[in-house]
Structures are given as structure tokens and as C-alpha cells.
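The structure appears below as C-alpha cells.
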Amino acid sequence: MAAEPDLLEFFKALSDGNRLKIVGLLAQESYSGEVLADMLDIKPATVSHHLSYLAHAGLVEARLQGHSKLYRLRLEVVHAMANRLLASETLPRAAAGVDTGAYERKVLRDFLCPDGSLKEIPAQQKKLRVVLNHIVESFAPDKKYSEKDVNGLLARFHADTASLRRELIGHGLMARANGKYRRL
């Protein structure tokens, strides 16, 4: 998220319940800090702190009216941020630099022996799926296999080839038709 500090500030500004209430009230009309404090039943100093935070994030602005400051929500900023968030590249860019394969590598380290065979077939579905994704890579995408050939490949991983075969089909990684198996 370091590449998008304004997004981070936007979400931090809205992450407090009182600030979110202030934004909701200011979306309807402008108010002074004193009025907001009375409406929210919190101290004026607390409202001032929240308004300062929202102003720092660019979400509110103040104007003098007589002796008091009236705060208004900068709806154009909220709309611009919403449009940015809805852009297809914005949120994925926030995860840039995250090691998305770390979980899969950990599961494989936990369940594979040094020779590539399985220590055991995972019982947990999420971990089983990782192991099955690894196993299915042993099958060529455009080739049909007999059950004997499938069992031969699966035996490299675990002696219970029937369970592995069933799981590969059940997870939609392989299909069986007319006694032939193929990778999907």
C-alpha cells in the first residue's frame, strides 16, 4: 500500500466510528464542531480531533461563518476516491509486492518428502487443494491417460492412488470419460 498513501489515509480516516458518523452528518449538511459534539454526545475537543483527521485526509473543509467554523464534506473527493477504488487496477496494485505463493510453498514443504512423495494426504480441504494442484502438474494438459497410467504417476506421490484420483476429479482438476482420464 506504500504506493497509495492517500488510499491508506482515506481508509484510516473512515476507520473510526465517530469519524464515520461525522462524515455521514456532513454528507447531509454543514455543521459546526460544537453542533457535531452535541449531536454525537462527545466532547468538542474530540470532535475537533476527528475533524482535523478528516481534513488531513482531504475529506472535510471548514469555512468561517460569523464566529464559528462550519465544516462540510468534500463530496467531490469522496466521489473521486470511490471512482479510483472501483477502477480495476487500483485494489490489485495495493497488494503489489506480496508473496502470493508463500502459503502454497509452506503447505508443500509440510506435506512433501525430499523425494517429492507425500508424507500424508492432507485432511484439510484448503491444504489438499494445494497438494492436488501440485500433483496435477505431472499430467500433460492435452493427453489422455488410462487408469493404469494415472495410477503409475500418482504412485510417485502416495500409495493410495484411488483416493488421489478421486480427489483430482472431485476438485475439477481431472476428468474421466470412457475409462480415460485427462487433465482439465
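Structure above, values below:
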{"item": "Dimensionless Rg/Rh of region 120-166 - Kirkwood Rh, Rg from C-alpha atoms", "result": "0.96"}
{"item": "Length released on extending from Arg156 to Arg105, taking residue separation times 0.36 nm less the Cα-Cα span", "result": "16.4 nm"}
{"item": "Radius 13 Å from Cβ of Pro122, net charge of other residues (Lys, Arg +1; Asp, Glu -1)", "result": "+1"}
{"item": "For Arg74, residues with placed amide H under 5 Å, excluding near neighbours", "result": "Val60, Glu61"}
{"item": "On Cα atoms only, tilt of 75-86 relative to the major axis of the chain in degrees", "result": "0 degrees"}
{"item": "17 Å Cα cut-off, lysine pairs counted over region 89-181 (separation 8 or more, or different chains)", "result": "7"}
{"item": "Span from the region 102-124 Cα centroid across to the region 87-101 one, whole angstrom", "result": "27 Å"}
{"item": "Isotropically averaged projected area of region 5-94, using the convex hull of Cα atoms (one quarter of hull area), nm²", "result": "5.9 nm²"}
{"item": "Structure-based [θ]222 nm, the chain - -39500 (n - 2.57) summed over DSSP H runs of at least 4, per residue, nearest 500", "result": "-15500 deg cm²/dmol"}
{"item": "Nearest-20 debye value, the chain charge dipole, Cβ charges on Lys, Arg, Asp, Glu", "result": "880 debye"}
{"item": "14 Å reach of a label modelled at Leu184, 7 Å along Cα-to-Cβ, counting backbone N of region 117-158", "result": "133, 136"}
{"item": "Charge context of Leu168, other residues only, Cβ under 10 angstrom, K/R +1, D/E -1", "result": "+3"}
{"item": "0 to 90° range, to nearest 10: angle between helix 125-136 axis and the chain longest Cα axis", "result": "50 degrees"}
{"item": "Compactness of region 89-184, expressed as Rg and Dmax over alpha-carbon positions, Å", "result": "15.3, 48"}
{"item": "Largest to smallest principal axis extent of the C-alpha atoms in the chain, angstrom", "result": "88, 29, 27"}
{"item": "In degrees, nearest ten, helix 17-26 long axis to first principal axis of the chain (Cα)", "result": "60 degrees"}
{"item": "Selection from Met39, Ala162, Gly66 lying farthest towards where the dipole of the chain points positive, charges on Cβ", "result": "Ala162"}
{"item": "Radius 11 Å from Cβ of His49, net charge of other residues (Lys, Arg +1; Asp, Glu -1)", "result": "+1"}
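Computed from the coordinates by the stated procedures, all read-outs in this text should not be read as laboratory data. Nothing here was measured: the structure is a model prediction, and the numbers come from that model. Because the Cβ atoms are built from the backbone with ideal geometry, glycine has one as well, and the counts that use them run over all protein chains shown.
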